[in-house]
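First comes the structure, then the notes that go with it.
The values are calculated or read from the model by the stated rules, or taken from the named source; none is laboratory data. Because the structure is predicted, anything quoted here is derived from the model rather than measured. Glycine gets a Cβ as well: all are built from the backbone with ideal geometry, and neighbour counts include every protein chain shown. When the accessible area is computed, the model is the full protein with side chains, heavy atoms only, and any ligands, DNA or RNA have been set aside. Shrake-Rupley method; radii C 1.70, N 1.55, O 1.52, S 1.80 Å.
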2 protein chains.
Amino acid sequence: MNIIERLNFDAKGLIPAIIQDKETSQVLTLCYMDREAFTRTMKERKICVYRRSKGQVMLKGETSGCVQLVREVFIDCADNSVLFKVDQTRAACHKGYFSCYFQKLDDDGNIIIEEKQVFDPKEVY
Amino acid sequence: MNIIERLNFDAKGLIPAIIQDKETSQVLTLCYMDREAFTRTMKERKICVYRRSKGQVMLKGETSGCVQLVREVFIDCADNSVLFKVDQTRAACHKGYFSCYFQKLDDDGNIIIEEKQVFDPKEVY
């Protein structure tokens with residue numbers, strides 16, 4: 001069976017994909033793929049996402065150059081989500097941080113930012 | 001502002017939460033939380049999930065004993081998802097594997113399983 005027939009895309013035709021940096025094991029982002037984005041990702045070995053805000057498939061990093069090269073692919077026990085281990089070019093977050101999870105919560109629920117920006121978004125977008 | 005007011009729960013009142021093992025950095029699972037599950041998780045420091053199949057909030061590991069102790073909490077750049085770093089008791093997957101992402105895809109899209117089962121599900125559930 002083709003793997004795409006096995007995956008459980010939701011009612012909107014999407015499946016969540018966790019992107020993890022292969023080298024540092026940092027979780028970089030959570031994105032969504034439709035069948036086209038998943039197929040392109042597997043073929044081109046670069047993460048392609050379905051941008052819900054734009055309603056279209058895009059190469060992750062198309063504007064910024066911060067592409068994600070696919071190294072390994074895993075699917076979960078219920079075929080409901082995908083995990084991609086990638087080589088991250090420069091930084092994953094459009095706010096200029098290596099990971100989108102740069103906002104840490106302290107015990108009181110306050111946000112603290114310990115990460116340093118890799119680039120200034122104003123200079124990239 | 002209370003953090004729960006800042007998070008973007010979807011139309012069904014849910015937000016995706018990535019669970020990562022603090023020690024090994026392995027991504028363990030992707031789950032969903034409603035406001036109650038998130039609030040309980042933050043208060044009890046154990047992952048609580050909204051089980052979509054059962055329509056209720058449950059302590060992760062309630063049946064199996066494989067609870068996840070919260071060590072660190074991060075939210076993404078758009079407040080659309082949460083990342084929890086946890087101490088995993090025994091194994092995260094109901095199929096007996098440490099991580100739910102034990103199915104690896106080879107270059108031809110075939111599933112290969114390199115992980116070893118930690119426990120036999122028949123003996124636990």
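Structure notes:
- Residue and whole-Å distance for the chain A Cβ lying nearest the axis of the A-onto-B rotation are A:Ser25, 2.
- Rolling a 1.4 Å probe over the protein chains gives A:Glu123 an accessible area of about 150 Å².
- Ordering A:Ser81, A:His94, A:Gly65 by the projection of their Cα atoms onto the charge dipole of the range A:40-125, which places +1 on the Cβ of Lys and Arg and -1 on the Cβ of Asp and Glu, puts A:Gly65 at the extreme positive end.
- With every protein chain in place, the protein assembly as shown: carbon and sulfur % of accessible area (1.4 Å): 42 percent
- Relative packing of B:65-71, A:77-83, which averages over residues the other C-beta atoms within 10 Å, highest first: A:77-83, B:65-71
- Residue-averaged beta-carbon neighbours from other chains (10 angstrom radius) around A:102-110: 5
- Residues of the range B:1-25 that lose at least 10 Å² of accessible area (1.4 Å probe, protein heavy atoms only) when the other protein chains are present, relative to their chain alone, are B:Ile3, B:Arg6, B:Pro16, B:Ile18, B:Gln20, B:Ser25.
- Contact order normalised by residue count of chain B, Cα under 8 Å, 6+ apart, percent: 22 percent
- Compared with the dominant Cα axis of chain B, that is its longest principal axis, helix B:35-44 is turned about 80°.
- Per-residue extension of 0.36 nm, minus the Cα-Cα distance of A:Thr39 and A:Asp108, leaves a gain of 20.6 nm for this segment.
- With 30 Å² as the minimum drop in accessible area between chain alone and full protein complex (1.4 Å probe), the qualifying residues in the range B:86-101 are B:Cys100, B:Tyr101.
- For the range A:2-97, the Kirkwood radius over C-alpha pairs fed into Stokes-Einstein at 10 °C and 1.306 mPa s yields D = 119 µm² per second.
- Shortest-first nm distances, B:Gly55 label point to equivalent points in other copies (7 Å, Cα→Cβ): 3.2
- For chain B, the dipole from Cβ point charges (+1 on Lys and Arg, -1 on Asp and Glu) about the Cα centre works out to 580 debye, to the nearest 20.
- Residue list for the range B:80-106, given a label point 7 angstrom along the Cα-to-Cβ vector of B:Glu123 and an amide N cut-off under 17 Å: B:90-98
- The range B:1-63 and the range A:39-66 have Cα centres lying 27 Å from one another.
- Ascending list, in nanometres, of distances separating the A:Lys12 label from those of the other copies (7 Å, Cα toward Cβ): 1.2
- DSSP beta bridges fully contained in chain B are about 80 percent antiparallel.
- Per residue accessible area in Å² of chain B, where ligands, DNA and RNA are left out and the probe is 1.4 Å: 51 Å²
- Interface of A with B. Using a 1.4 Å probe and counting protein heavy atoms only, the two chains hide about 3000 Å² of accessible surface, both sides summed.
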